[in-house]
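Below: one structure in structure tokens.
The values are calculated or read from the model by the stated rules, or taken from the named source; none is laboratory data. These figures come from a predicted structure and were not determined experimentally. Here the Cβ is made from the backbone with ideal geometry for all residues, glycine too, and neighbour counts use every protein chain on show. Accessible surface areas use protein heavy atoms only, side chains included; no ligands, DNA or RNA. Shrake-Rupley method; radii C 1.70, N 1.55, O 1.52, S 1.80 Å.
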Amino acid sequence: MIYNIPYLAVAALILVGLYGVVFKRNLIKMVIGVTLIESGVNLFLITLGYRKGSTAPIYTSSPGGLMSLPVPQALTLTSIVIGVAVLALMLSFIVYIYRHYKTLDARKIGGEDE
Amino acid sequence: MFFDNLPALAVAVPLFGAFLTPLVSKIGDRARNVFVILVMGLTTTVVFLLVNDVFTNGIQTYVFGGSYQPGETVIRIFFEVDGLSAFMAIIAVVLPLVAVIYSWGFMKKETGLDKYYTLILLMTTGMIGLVLTGDMFNFFVFLEITSISSAALVAFWVNKGKAVDAGFKYIVISTIGALFVLFAIALLYGQYDALNMAVLANSIQYTFLDKMALVLLLVALAMKAGIVPMHMWLPDAYGCAPSSVTLVLIGATQASLYGVFRVVFTLYGRELTTAVNQVSLNVLLSVFIVALALATIVVGVLMALKQSNLKRMIAFAAVAEIGYMILAVGAALSTITVDSNTGVTMLTESGEMALKGGLFHIINDALDIGLLFLVAGAIYYATRETSVNKLGGLARNMKYTTVFFLIGLLAVSGMPPMNGFASKLLIYESTYQINPILAVIAILCSILLLAVFVKVFHSVFLGPKLSVFKDTKEVPKSMLLAMGIIAIVIVFFGIFPELVVNNIVQPAADALTDMLKNGLYVKAVLGVI
């Protein structure tokens, strides 16, 4: 049971994130939802590569024995970097939206005719 | 040296071009435009050489930074180019090329063009990488590159609140989609310890987790391809982006559609005939895809009827056109059967025909809808007006644009002798044999599309000359050239459909059914099946 806690955390993070994106009207809260989903997926990847009692996969300074799998960690790093770019882009969009509409309420933006 | 590294160059050339563009912009506007067109031209040459290589010599594999023999396990960046990848790569490279030629005139008065061209080149990189890669994680990375750069381009006109809103919507949708894809990749990696598509396709077992991964991949990619009921971002994004960007966006949407095909036919290709509760997977998927396709066609056409903004109208027509492609592919899926005597898995003749029609329609849709968007951009450029109700009598001022719109109109509604007729006829014929109701709905909606665009043609181009548009002139030559290229290709495809189907579409259709018959995709990587 105790070993399943990371997976439960993954499910919780993704569900909370989805709730934020779907039901929240504030754009910043939607972005927080997206980053929560991202954290959930990253945590899932890291958990997949971990074995109990293993050391970090750095070959030159390893004491030997069981090592955790480095591939998911490499994937997670890439995914985090992409996540930063996406977050920056979304927040800069929000800055422009706020300048234009003076509100962050998703119901009040984008309704006008061109 | 050059010819050995074509798959890498297809991605590297636009990528380096993108990073050099801001530097070249310091020299001057003209130098930058010429540079970008040259980079796109070079990319097109590389991709066409690669495509030629694939069509003559079969599947090409490429490992970055190392050599590789079939059968070895490699954890590296890995490209695998088969007929389907090559087919999509043609679309992914031709649309941006036309878009940068069009941009020369269309974007002339805008500022911040160095960033604009950088993003277009990055988007091209993402699309080409997306269709060439043979590795699931690379697929995710290229998906994200494409969505980030295209979202920034959708919101290029930041002074319009609506454009930024559309960009925000697009990035939220595509990021969630991409994260679903990553989650599915993790599910597959956790079970099979592999990221390579061919290795995964070889070892996939169709367990409970595989089913979850399949659903996540399909939903995410269908969302990015703009299939109803996940289409709400598409009209906004297509409608608010500059027309040249919309043209490239069509390519990005279709690259996601390529992802759907790759997942269904290659990754799960082995398991398509596996039965779940006495219903085999291909029938299940077929019912699901055809239902979505019919909804997409009907909703797209009906929404197009009630729009008054020209670009939104074309965007809904684009939604409907995507429906036609997946209708054909979904119908083809249902015809997969296992011969009880020989044990050979195969499609019926009408299934093969539907597959060809659906794939042919992908390239035709890119051209037809693309041409209409370029014409809408030209009208906007000349009149600064997007509402159909306020436009009129433009045929007197803009002769060439009128002709191009007429060509696009006939092509999109499937009228002979345009290319849309060729592919839609294949779709009607084959779906009629599979289930007549599908063909009836498809034809009916096609006629409605014709009605939509004839109405537009009448109100925008015909009628008396309006005093407001008395000084309206024909658009610059570069825009006419871009529209002319597409129009010529449309007419050419319409007159010689056999040539295109046999030389470009057939290899792609063979690549789709490859996992059912020969498994060459797996063989190219593992050496054996």
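Is it the case that region A:87-100 has a residue that's open to solvent by 60 Å² or more (accessible area, probe 1.4 Å), at pLDDT below 90, at the interface with chain B (Cβ under 9 Å from one of its Cβ atoms) and in contact with a helix residue (DSSP H, G or I) (Cβ under 7 Å, 6 or more places away or on another chain)?
So far as region A:87-100 goes, no, none of its residues is open to solvent by 60 Å² or more (accessible area, probe 1.4 Å), at pLDDT below 90, at the interface with chain B (Cβ under 9 Å from one of its Cβ atoms) and in contact with a helix residue (DSSP H, G or I) (Cβ under 7 Å, 6 or more places away or on another chain).
Any idea which residue in region B:372-416 is most open to solvent (accessible area, probe 1.4 Å), counting only those that are more than 16 Å from B:ILE447 (Cα to Cα) and in a loop (DSSP other than H, G, I, E, B)?
B:ARG384
Looking for something part of a helix (DSSP H, G or I), closer than 30 Å to B:THR472 by Cα and at pLDDT 90 or above - is there at least one such residue anywhere in region B:323-331? Spell out how you get there, then give the answer.
Quick first cut of region B:323-331, residues part of a helix (DSSP H, G or I) only: B:323-331.
The next check asks that each one be closer than 30 Å to B:THR472 by Cα; those that pass are none.
No, the conditions are met nowhere in region B:323-331.
Oh, and also: Kindly indicate which of B:VAL500, B:VAL491 is buried (at least 18 other Cβ atoms within 10 Å of the Cβ) and on the phi < 0 side of the Ramachandran plot. Full working, then the answer.
Details: B:VAL491 fails: buried (at least 18 other Cβ atoms within 10 Å of the Cβ).
After applying the criteria, what remains is B:VAL500.
For B:LEU438, only one of the following conditions fails: (1) crowded, with 21+ Cβ neighbours inside 10 Å; (2) at pLDDT 95 or above. What is its number?
Result: B:LEU438 fails condition (2) only.
Exactly one condition in (1) open to solvent by less than 70 Å² (accessible area, probe 1.4 Å); (2) more than 26 Å from B:ALA178 (Cβ to Cβ); (3) away from chain B (no Cβ under 12 Å) is false for A:ALA9; which is it?
(2) is the only condition that A:ALA9 fails.
Here's another thing I want to ask about it. Within region B:66-116, take every residue that is of a type in the set (Asp, Glu) and either in the same structural domain as B:LEU372 (by TED's automatic domain parsing) or open to solvent by less than 30 Å² (accessible area, probe 1.4 Å) (or both) and give me the one that is farthest from B:ILE362 (Cα to Cα).
Start the filter on region B:66-116 by keeping residues that are of a type in the set (Asp, Glu), which leaves B:72, B:80, B:82, B:110, B:114.
Restricting the remaining residues to those that are either in the same structural domain as B:LEU372 (by TED's automatic domain parsing) or open to solvent by less than 30 Å² (accessible area, probe 1.4 Å) (or both) gives B:80, B:82.
Values: B:GLU80: 21, B:ASP82: 17 Å.
So the residue we want is B:GLU80.
Give me the residue from region A:62-72 that is out of contact with any Gly (no Cβ under 6 Å at 6 or more places or on another chain) and surrounded by 14 or more Cβ atoms within 10 Å (Cβ to Cβ) and, out of that set, nearest to the other protein chains (Cβ to nearest Cβ).
The extreme case among them is A:VAL71.
Say we look at region B:147-170 and pick out the residues that are more than 7 Å from chain A (Cβ to nearest Cβ) and free of Cβ contacts under 8 Å to residues at least 40 places away in the same chain; which of these is least open to solvent (accessible area, probe 1.4 Å)?
Result: B:SER149.
Show me the helices (runs of 4 or more DSSP H) found entirely inside region B:171-263 where at least 3 residues are at negative phi, buried (at least 23 other Cβ atoms within 10 Å of the Cβ) and within 14 Å of chain A (Cβ to nearest Cβ).
Values: elements: B:197-203, B:208-225, B:233-240, B:243-261.
Where helices (runs of 4 or more DSSP H) fall fully within region B:171-263 and carry at least 3 residues being at negative phi, buried (at least 23 other Cβ atoms within 10 Å of the Cβ) and within 14 Å of chain A (Cβ to nearest Cβ), they are B:208-225, B:233-240.
Hey, another quick one. Considering only region B:271-284, how many residues are buried (at least 20 other Cβ atoms within 10 Å of the Cβ) and touching a residue at least 60 places away in the same chain (Cβ under 8 Å)?
Residues flagged as buried (at least 20 other Cβ atoms within 10 Å of the Cβ) and touching a residue at least 60 places away in the same chain (Cβ under 8 Å) within region B:271-284 amount to 2.
Among (1) more than 23 Å from B:LEU526 (Cβ to Cβ); (2) in a helix (DSSP H, G or I), there is one condition B:ASP4 misses while meeting the rest; what is its number?
(1)
Can you name the helices (runs of 4 or more DSSP H) wholly within region B:451-529 that have at least 3 residues being more than 23 Å from B:PRO417 (Cβ to Cβ)? Full working, then the answer.
Numbers: elements: B:477-495, B:497-500, B:506-517, B:520-526.
Once the helices (runs of 4 or more DSSP H) in region B:451-529 are filtered for at least 3 residues that are more than 23 Å from B:PRO417 (Cβ to Cβ), what remains is B:477-495, B:506-517, B:520-526.
Evaluate region B:139-146: report whether one residue or more is surrounded by 24 or more Cβ atoms within 10 Å (Cβ to Cβ), polar (S, T, N, Q) and either facing another protein chain (nearest Cβ under 8 Å) or more than 20 Å from the chain's Cα centre (by Cα) (or both).
No; the residues of region B:139-146 include none that is surrounded by 24 or more Cβ atoms within 10 Å (Cβ to Cβ), polar (S, T, N, Q) and either facing another protein chain (nearest Cβ under 8 Å) or more than 20 Å from the chain's Cα centre (by Cα) (or both).
Among the numbered criteria (1) out of contact with any Phe, Trp or Tyr (no Cβ under 8 Å at 6 or more places or on another chain); (2) within 21 Å of B:ILE77 (Cα to Cα); (3) within 7 Å of chain B (Cβ to nearest Cβ); (4) not basic (Lys, Arg), which one does A:LEU75 miss?
Against the list (1) out of contact with any Phe, Trp or Tyr (no Cβ under 8 Å at 6 or more places or on another chain); (2) within 21 Å of B:ILE77 (Cα to Cα); (3) within 7 Å of chain B (Cβ to nearest Cβ); (4) not basic (Lys, Arg), A:LEU75 comes up short only on (1).
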